[in-house]
Amino acid sequence: MTVAGIMSITIRTCCSAASLIVAVALAGCSGSQNAAAPPPPTAVTVANPVKRTIVDQDEYVGRFVAVDSVEIRARLSGYLSRIHFQDGQMVNAGDLLFTIDRRPFQIVLDQVRANLELARANLAYAESDLARGQELLRNKTITDQTFEQRTQARRVAAASVAAQEALVRSAELDLNDFTELHAPVAGRIGDRRVSVGNLVTGGTSGNTTLLATIVSIDPIRFEFTFDEAAFLRYQRLAKNGKDDSKDIASRGASAPVKIKLIDEQDFAHEGRMDFVDNVIDRATGTIRGRAQFANPDGLFTPGMFANIRVPASMPYEAMLVPDVAIGSEQARKYVLAVDAENMARVKYVTLGELSGGLRVVKDGLSPDDKVVTNGVAKVRPGQKVTPQEEGAPPNTGKPQANAG
């Protein structure tokens, strides 16, 4: 190989090496530039707190109780001859429920009626004998003592008639009223406790036979207890309020309340307070309250559990935010608000109850705060974000088409 060829190969090799070095250097510069570029700010949705007039509510657990609950017991002893209802059916006041064998009481009524006729006959004889005695006394045929005896006999006969008339009325009452047992109230009757043919013990003693029970259904009451602190709060609320009808602590109060059954999500049933007890239980430190609800379809049953909400404040203006916007830091609650520089800042808040799917914020927010409502988990305090107003079209950096 000539010297010129060797030099040509050397020059080409050096040029290739130089090109490779330049390419590597350029690639390294490009990688460094990409690594140094910061990530774009996190996109979040923000919204101002919602202003709404609300009333704080206290929640308790209680049971339904019947307005009227009656045990059906006989006032007479005898054999049960007929039952006139189906177990568990609805009955109206006055419906015939049981019949006791009437025959023995019919016999007693016949006897006392016969005794009444005998007493009336004796009275008639005594009155006529007394009338004759008056004529004889004027003629001095009988003595005054004899006339007094006839007068006394007439009085005894009249008293006997009155006594026998009372016995007849009692026997008629037994036969016509007490041998047939009617429903004293409207409601749902339970199952029969005695079958036909059994001897029923009646009367007013404690060993009478229980035949059935009836509980009223509509309206129905709901009983619950609340503590002494809540009672005092209601008392002061009533004194500061303008509407005495909303005073839950007043006897005969009518504050509006709502209940929720165990299988329901919302407090959809409305009623009113109708009673608060007059003493606080020493053992538990609680006092009993009672509300009344309409129950036309019989959904509420005595003994059933439910939750009740009771007004605990006067109406006031409150700010509300979505519950998902609330964060926790140990025992403190906070929200993230975006400032004028699009930085996420922590704001510690005091929370209230849920109202219409939103959480009441009692303290810590102002109406102009832009609260992060979507993307809270992706943002840290002090981080720069790209806020998007809730309900506004997304900011894509491209001009929006003008509709029309």
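For the stretch 181-190, the set of residues classified as over 13 Å from PHE98 (Cβ atoms) and open to solvent by 70 Å² or more (accessible area, probe 1.4 Å) consists of ARG188 only. Taken together, the residues in the stretch 338-349 that are in contact with a strand residue (DSSP E or B) (Cβ under 6 Å, 6 or more places away or on another chain) and open to solvent by 70 Å² or more (accessible area, probe 1.4 Å) amount to 2. Note on the stretch 380-404: residues that are within 25 Å of ARG359 (Cα to Cα) and either at pLDDT below 80 or within 39 Å of the chain's Cα centre (by Cα) (or both) amount to 3. Determine whether ARG73 is modelled with pLDDT under 95 and farther than 30 Å from GLY357 by Cβ. Taking the combined requirement at face value, the residue satisfies it. In the condition set (1) at positive phi; (2) without any contact (Cβ under 8 Å) to a residue 24 or more places away in the chain; (3) touching a strand residue (DSSP E or B) at 6+ places or on another chain (Cβ under 9 Å), GLU329 is compliant with all but (1).
Scoring ARG113 on the criteria (1) under 30 Å from ARG380 (Cβ atoms); (2) free of Cβ contacts under 8 Å to residues at least 60 places away in the same chain leaves a single failure, condition (1).
Among the residues making up the stretch 286-337, those that are over 22 Å from VAL65 (Cβ atoms), open to solvent by less than 20 Å² (accessible area, probe 1.4 Å), among the aliphatic types (A, V, I, L, M) and not in a loop (DSSP other than H, G, I, E, B) are ALA318, LEU320, VAL321, ALA325, VAL335, LEU336, ALA337.
Pairing residues of the stretch 291-305 that are within 10 Å of ILE220 (Cα to Cα) with residues that are among the small types (Gly, Ala, Ser), at Cβ distances under 8 Å and at least 6 apart in sequence or on separate chains, gives ALA291/GLY271; GLN292/GLY271; PHE293/GLY271; ALA294/GLY271; PHE300/ALA306; PRO302/ALA66; PRO302/SER69. Scanning the stretch 219-245 for residues that are at pLDDT 90 or above and buried (at least 17 other Cβ atoms within 10 Å of the Cβ), we see that the one that is nearest to VAL61 (Cα to Cα) is PHE224.
Considered as a group, the residues in the stretch 264-285 that are charged (D, E, K, R) and touching a residue at least 24 places away in the same chain (Cβ under 8 Å) include one that is most open to solvent (accessible area, probe 1.4 Å), and that residue is ASP281.
The values are calculated or read from the model by the stated rules, or taken from the named source; none is laboratory data. Every value quoted in this text rests on a predicted model; they were computed, and no experiment measured them. Cβ atoms come from the backbone with ideal geometry, glycine included; neighbour counts cover every protein chain shown. These accessible areas exclude ligands, DNA and RNA; they are computed on the full protein's heavy atoms, side chains included. Shrake-Rupley method; radii C 1.70, N 1.55, O 1.52, S 1.80 Å.
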